[in-house]
Amino acid sequence: MTSSINDFYDGKNILIFGSTTFPGKVLIEKLLRSCPNINKIYCPIQLITNKSKLNINQHFSPIDIFAEIYTTKLFDRVRYNNIKFQEKIIPFDINLLYSSLDNEIINYENQEILSYKNIQNIIDICFYMANNSIDFIEENLKEMIQTNVINLKHNLSFLKTCTKLKSIVYLSSIYANIGK
């Protein structure tokens, strides 16, 4: 017997902003485990550049970031039930959503071509996971505003253009250690 939740997500394409945050990872795992007939989960990611001790820039692609996430204990049950679960997750550079309509990215894991228009026309459901777990001091206020206000505004501008969008779910998990 399937649930109405399974029926709702059956065949849907989901966009998750904040997919690399703790709540984002838990959401992805729960969706994959509970709603196995989801079509795809699209995960826009801010690319990271780290300077190593050798002063060499290391670039981590969205695929590299998720390759590490897939191996965590969180995904053990999903991996046990579907060894190819990662084929449903499509990580990509978030800048694709903020660029011109002509840009496209090839997802090398499954050779899917992603473009602004492509994503705009396939997304059914969006989750926005605004996650800040930082000490509340004046320097961090700028980061909180960036995540919870400015980025949300940019992403909502994109979402307004999505032709199949049925639902937007917003979760803000600001934790502020205000001190004593």
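Please find, within segment 1-38, the residue that is nearest to LYS88 (Cα to Cα) out of those that are of a type in the set (Gly, Ala, Ser) and outside any helix (DSSP H, G or I).
Among those that are of a type in the set (Gly, Ala, Ser) and outside any helix (DSSP H, G or I), it is GLY11.
Given the conditions (1) among the β-branched types (Val, Ile, Thr); (2) in contact with a strand residue (DSSP E or B) (Cβ under 9 Å, 6 or more places away or on another chain); (3) at pLDDT below 80; (4) not in a strand (DSSP E or B), report the number of the one that ILE106 does not fulfil.
Checking ILE106 against (1) among the β-branched types (Val, Ile, Thr); (2) in contact with a strand residue (DSSP E or B) (Cβ under 9 Å, 6 or more places away or on another chain); (3) at pLDDT below 80; (4) not in a strand (DSSP E or B), the one that fails is (4).
Say we look at segment 155-180 and pick out the residues that are surrounded by 14 or more Cβ atoms within 10 Å (Cβ to Cβ) and not in a loop (DSSP other than H, G, I, E, B); which of these is modelled with the lowest pLDDT?
ALA176
Select from segment 50-80 the residues that are of a type in the set (Lys, Arg) and at pLDDT 75 or above and write down the one among them that is surrounded by the most Cβ atoms within 10 Å (Cβ to Cβ).
Top of the filtered list is ARG79.
Going through ILE90, ILE41, ILE83, ILE122 one at a time, which residue ends up being modelled with pLDDT under 85 and either in a strand (DSSP E or B) or on the phi < 0 side of the Ramachandran plot (or both)?
When all the criteria are applied, what remains is ILE83.
The values are calculated or read from the model by the stated rules, or taken from the named source; none is laboratory data. All values derive from a computational prediction rather than experimental measurement. Cβ: placed from backbone, ideal geometry, glycine included. Neighbour counts: every protein chain shown.
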